[in-house]
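> Quick one: the structure is below, and I'll ask about it shortly.
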Amino acid sequence: MLQLESVEQLNSIINNEKAILLFSADWCPDCRVIEPVLPELEEMYKEYTFVYVDRDKFIDVCSKYDIFGIPSFLAFSAGKETGRFVSKDRKSKEEIDKFIEGLPS
């Protein structure tokens, strides 16, 4: 999974690629629970660039996209948001898979 390094990098990714952003933080126990399944999801959905957005480093990005709970996911294609799975609740592999499957092609 790509680690977000800058807002400029984020803008380039969401404007030029199909991307799924994972908003997370090192201290978040619910975020740690889903970490083991992320490589499998990346393998299943190779058409997407998966990007880890550290909530603490990119709080302005979180605010811009109304991310108030983590872990949360946003999907983009050609600069447009195509889906969001945003809440403060723990997420399962099945729920994340269902979210990605429901995104427009």
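The values are calculated or read from the model by the stated rules, or taken from the named source; none is laboratory data. In this text the structure is predicted, and so the values were computed from the model without any measurement. Here Cβ is always computed from backbone atoms with ideal geometry, including for glycine, and neighbour counts include all displayed protein chains.
> Please enumerate the residues belonging to segment 90-105 that are acidic (Asp, Glu) and surrounded by 11 or more Cβ atoms within 10 Å (Cβ to Cβ).
Pass one, segment 90-105, residues acidic (Asp, Glu): 94-95, 97, 101.
Across segment 90-105, the qualifying residues are 95, 97.
> Do we find a residue being hydroxyl-bearing (Ser, Thr, Tyr) and either touching a Pro at 6+ places or on another chain (Cβ under 7 Å) or exposed (fewer than 12 other Cβ atoms within 10 Å of the Cβ) (or both) anywhere in segment 51-58? Write out each step before concluding.
So the first thing to find is which residues in segment 51-58 are hydroxyl-bearing (Ser, Thr, Tyr), and the list is 52.
If we keep only those that are either touching a Pro at 6+ places or on another chain (Cβ under 7 Å) or exposed (fewer than 12 other Cβ atoms within 10 Å of the Cβ) (or both) too, we end up with none.
Taking every residue of segment 51-58 in turn, none turns out to be hydroxyl-bearing (Ser, Thr, Tyr) and either touching a Pro at 6+ places or on another chain (Cβ under 7 Å) or exposed (fewer than 12 other Cβ atoms within 10 Å of the Cβ) (or both).
> On to the next question. (1) under 13 Å from the mean Cα position of the chain (by Cα); (2) surrounded by 16 or more Cβ atoms within 10 Å (Cβ to Cβ): which one isn't true of residue 81, the others all being true?
Among (1) under 13 Å from the mean Cα position of the chain (by Cα); (2) surrounded by 16 or more Cβ atoms within 10 Å (Cβ to Cβ), residue 81 violates only (2).
> Further question: Exactly one condition in (1) under 11 Å from the mean Cα position of the chain (by Cα); (2) within 18 Å of residue 99 (Cα to Cα) is not met by residue 54; state its number.
(2)
> Run residue 8 past the list (1) without any contact (Cβ under 8 Å) to a residue 60 or more places away in the chain; (2) within 15 Å of the chain's Cα centre (by Cα) and report the number of the one that doesn't hold.
All conditions are met except number (2).
> Something else now. Being of a type in the set (A, V, I, L, M, F, W, C), within 18 Å of residue 80 (Cα to Cα), surrounded by 13 or more Cβ atoms within 10 Å (Cβ to Cβ) and modelled with pLDDT of 95 or more narrows it down to one residue among 41, 4, 10; which is it? Show your work before the answer.
On the way: 41 fails: within 18 Å of residue 80 (Cα to Cα); 4 fails: within 18 Å of residue 80 (Cα to Cα).
Testing whether each residue is of a type in the set (A, V, I, L, M, F, W, C), within 18 Å of residue 80 (Cα to Cα), surrounded by 13 or more Cβ atoms within 10 Å (Cβ to Cβ) and modelled with pLDDT of 95 or more leaves just 10.
> Look at segment 31-57 and say how many of its residues are touching a residue at least 40 places away in the same chain (Cβ under 8 Å) and touching a strand residue (DSSP E or B) at 6+ places or on another chain (Cβ under 9 Å).
Selection size over segment 31-57: 12.
> Residues that are among the hydrophobic types (A, V, I, L, M, F, W, C): find the strands (runs of 3 or more DSSP E) completely inside segment 1-87 holding 3 or more of those.
The qualifying strands (runs of 3 or more DSSP E) are 19-24, 49-54, 72-77.
> Turning to a different aspect of this structure: Provide a single number: the residues in segment 84-105 that are of a type in the set (Asp, Glu) and in contact with a strand residue (DSSP E or B) (Cβ under 9 Å, 6 or more places away or on another chain).
Residues of segment 84-105 that are of a type in the set (Asp, Glu), as a first pass: 89, 94-95, 97, 101.
Pick out the ones that are also in contact with a strand residue (DSSP E or B) (Cβ under 9 Å, 6 or more places away or on another chain) and you get 95.
The total comes to 1.
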